[in-house]
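Written below as structure tokens is the structure these notes are about.
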Amino acid sequence: MKNHQISTHLIHHPYQAPQDFAAPQLPVHKASTVFFPDVATMRSRRWLDKSGYTYGLHGTPTSFTLEERLCTLEGGKQCLLVPSGLAAISTVSLALLNHGDEVLIPDNAYGPNKDFAEHELSRYGIRHTFFNPMDIEDLRRKLGPATKLVWLEAPGSVTMEFPDLVAQVQCVQSHGALAALDNTWGAGLAFLPFDLLRDGGSLGVDISAHALTKYPSGGGDVLMGSITTRDPALHMRLKLTHMRLGLGVGMNDVELVLRSLPSTALRYHAQDKTARQLAAALQRQSLVAQLLHPAFAGSPGHSHWQQLCATQDSPAGAAAGIFSVVLDAPQSQVDDFCNRLQLFRLGYSWGGHVSLVMPYGLDEMRNLGRGQVAAGCLVRLCIGLEDGADLEQDLAQAYTQAFAQDWR
């Protein structure tokens, strides 16, 4: 190459760094183009089974590593990365449903999942039906010949009702449909989605969709999702749709999740502990008509949470760092309460280090009514990593000023 110009030398430079470098964080492999040493190798490589690299969209060592670690976290065997939690949900539905099929969705599901069914799936002739997640007989009645997929959430979005997930999965699978769980709240830590009875795997969901944006990321700065399975044939159906949709994630974002993943359990349990402290404090206040936190007796589905998440080794169970309260006060005062909070920031999402608050108009979110949620204005609190006493002091000052009530 000595007769080539400098630009060519710089592009085709022969130096290769030594390969025995080891450090706590893995190197980041970014690529669209992947080089092949020869034509025979190019023709023999298969991206479907991860036996080799063919194109950046099908994965690099960086994304393969995160997928394998997520399988360990959730107890799965195969994993796909997608650009967001919603992308995980929509990919599952698109991959598994055809014209004339029906999908069942709990009425307290993540709102965009319901919207996707109403506005996108319906255009392809795919019907959807909402069911009461706290009534197993309602689910049983609504399972029909066309039902191919049932979405589940434990607990429900915003209102935090905890269903009888074991009975739901048994009901769905005995019908011959697939059970897909939005496992963002559980995160592989509160319960085992593929081993619900903790007996080695006799009962589990078919698919776990996970918004890695939340706890695995932990910084409020990454959008990513995952789809985890245990059945190779089911995984391949999902993977082929994933490929045809052209879904990919940036390796710098994968790096951020890989960096945060080792501390996921520490952060999850720390936020859970603080959330219970604050939930108990709010429950004592006169204007709190209802506390919606699965770990508290009286919250809808508490016994189901206890059955699934509390074990002999961990009787206190795990419950993430998120809960809601229903306030018996006018919406204007509730909004003022949210505005007066200083450490809690107004914002969507959760699982990050900053605590968040959000008032919700529940009646606009539910198709089947409020169910077991009391009348009043609902506020969701997502607990970060601030000191619990500081957060309680912030709640107290906002509550006192907004409602002209003493903090107990």
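The values are calculated or read from the model by the stated rules, or taken from the named source; none is laboratory data. As the structure is a prediction and not an experimental result, all values here were calculated from the model. Here Cβ is always computed from backbone atoms with ideal geometry, including for glycine, and neighbour counts include all displayed protein chains.
For Leu343, the conditions (1) farther than 23 Å from Glu153 by Cα; (2) aliphatic (A, V, I, L, M); (3) touching a residue at least 60 places away in the same chain (Cβ under 8 Å) all hold with the exception of (3).
In summary, Ser226 fulfils each of the numbered conditions (1) without any contact (Cβ under 8 Å) to a residue 40 or more places away in the chain; (2) polar (S, T, N, Q); (3) not in a loop (DSSP other than H, G, I, E, B) with the single exception of condition (1). Go through the residues of region 308-316 one by one and say whether even a single one is in the same structural domain as Ile383 (by TED's automatic domain parsing), of a type in the set (Val, Ile, Thr) and in contact with a helix residue (DSSP H, G or I) (Cβ under 8 Å, 6 or more places away or on another chain). No, the conditions are met nowhere in region 308-316. Against the condition hydrophobic (A, V, I, L, M, F, W, C), within 21 Å of Glu153 (Cα to Cα) and in a loop (DSSP other than H, G, I, E, B), how does Leu247 come out, does it pass? Here the answer is no, as Leu247 does not meet what is asked.
Against the definition (surrounded by fewer than 21 Cβ atoms within 10 Å (Cβ to Cβ), at pLDDT 95 or above and assigned by TED's automatic domain parsing to the domain that holds Gly144), how does Leu240 come out, yes or no? So Leu240 fits the description; yes. Check region 49-65 and report whether any residue there is assigned to a loop (DSSP other than H, G, I, E, B) and either surrounded by fewer than 12 Cβ atoms within 10 Å (Cβ to Cβ) or not assigned by TED's automatic domain parsing to the domain that holds Ser217 (or both). Looking through region 49-65, at least one residue is assigned to a loop (DSSP other than H, G, I, E, B) and either surrounded by fewer than 12 Cβ atoms within 10 Å (Cβ to Cβ) or not assigned by TED's automatic domain parsing to the domain that holds Ser217 (or both).
Filtering region 115-168 to residues that are assigned to a helix (DSSP H, G or I) and buried (at least 19 other Cβ atoms within 10 Å of the Cβ) leaves Phe116, Ala117, Leu121, Leu139, Leu165, Gln168.
Against the definition (in contact with a strand residue (DSSP E or B) (Cβ under 7 Å, 6 or more places away or on another chain), under 22 Å from Ala270 (Cβ atoms) and surrounded by 16 or more Cβ atoms within 10 Å (Cβ to Cβ)), how does Leu341 come out, yes or no? It is true that Leu341 is in contact with a strand residue (DSSP E or B) (Cβ under 7 Å, 6 or more places away or on another chain), under 22 Å from Ala270 (Cβ atoms) and surrounded by 16 or more Cβ atoms within 10 Å (Cβ to Cβ).
Figure legend. Inter-residue proximity from region 294-312: first residues over 15 Å from Glu153 (Cβ atoms) and modelled with pLDDT of 95 or more, second residues polar (S, T, N, Q) and in a loop (DSSP other than H, G, I, E, B), beta-carbon distance below 6 Å, spacing 6+ or different chains. No pairs are indicated. Report, by residue number, each residue of region 366-408 that is in a loop (DSSP other than H, G, I, E, B), in contact with a strand residue (DSSP E or B) (Cβ under 9 Å, 6 or more places away or on another chain) and among the aliphatic types (A, V, I, L, M). The answer is Leu368, Val373, Ala374, Ala375, Ile383. For region 74-94, the criterion of being of a type in the set (Gly, Ala, Ser), in contact with a Leu (Cβ under 7 Å, 6 or more places away or on another chain), assigned to a helix (DSSP H, G or I) and buried (at least 20 other Cβ atoms within 10 Å of the Cβ) is met by at least one residue. Would you confirm whether any residue within region 215-223 is part of a helix (DSSP H, G or I) and closer than 24 Å to Cys382 by Cβ? Looking for residues that are part of a helix (DSSP H, G or I) and closer than 24 Å to Cys382 by Cβ, one finds none in region 215-223, hence no.
Put simply, of Gln342, Gln312, Gln277, Gln307 the only residue that is in contact with an Asp or Glu (Cβ under 9 Å, 6 or more places away or on another chain), of a type outside the set (Lys, Arg) and assigned to a loop (DSSP other than H, G, I, E, B) is Gln342.
Checked against (1) assigned by TED's automatic domain parsing to the domain that holds Leu81; (2) outside any loop (DSSP other than H, G, I, E, B); (3) crowded, with 21+ Cβ neighbours inside 10 Å, Tyr268 passes all but a single condition, namely (1).
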